[in-house]
């Protein structure tokens, strides 16, 4: 009986540890109200509204420069880019991508949602206005 309890406790701890995850090095998390592009650059803000449905699903936002970070439920990520065309993507079982035509001094907002698939959640990116993004992030 004691052995079963130990195995159950160990399995529970292992499951919780596997579900926890941090942001990758270099990822900037910001939940404040100021999202400003540096001089001569553009800023792309990725966010995912906090929601119970699909809350355990996370996906890595990728760019040609490398990983932007993990987009989890309630997360906010930022990527400073040079002006020009930039494609960002994420893949779980299926892939979704979004291309931003970045202009210096501009901030772009991208909402990351999880669409439910047959086997797993699928990423979906939508470019939104600053007003919509701020409303979503304040909830």
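The values are calculated or read from the model by the stated rules, or taken from the named source; none is laboratory data. All figures in this text were calculated on a predicted structure; none of them were measured in a lab. Cβ atoms come from the backbone with ideal geometry, glycine included; neighbour counts cover every protein chain shown.
The set of residues in the range 51-70 being in a loop (DSSP other than H, G, I, E, B) and either surrounded by 17 or more Cβ atoms within 10 Å (Cβ to Cβ) or at pLDDT below 85 (or both) consists of 51, 52, 53, 54, 55, 56, 57, 58. Residue selection: residue 126 satisfies the criterion of being on the phi < 0 side of the Ramachandran plot and modelled with pLDDT of 90 or more. Within the range 94-108, restricting attention to residues that are under 28 Å from residue 57 (Cα atoms) and surrounded by 18 or more Cβ atoms within 10 Å (Cβ to Cβ), which residue is modelled with the lowest pLDDT? Per the stated criteria, the residue is 96.
Taking the criterion of being within 13 Å of the chain's Cα centre (by Cα) and modelled with pLDDT of 90 or more, would at least one residue in the range 37-44 satisfy it? Give the steps one after another, and end with the answer.
Just the residues of the range 37-44 that are within 13 Å of the chain's Cα centre (by Cα), to begin with: 44.
Retained after the next criterion (residues that are modelled with pLDDT of 90 or more): 44.
Checked the range 37-44: at least one residue is within 13 Å of the chain's Cα centre (by Cα) and modelled with pLDDT of 90 or more.
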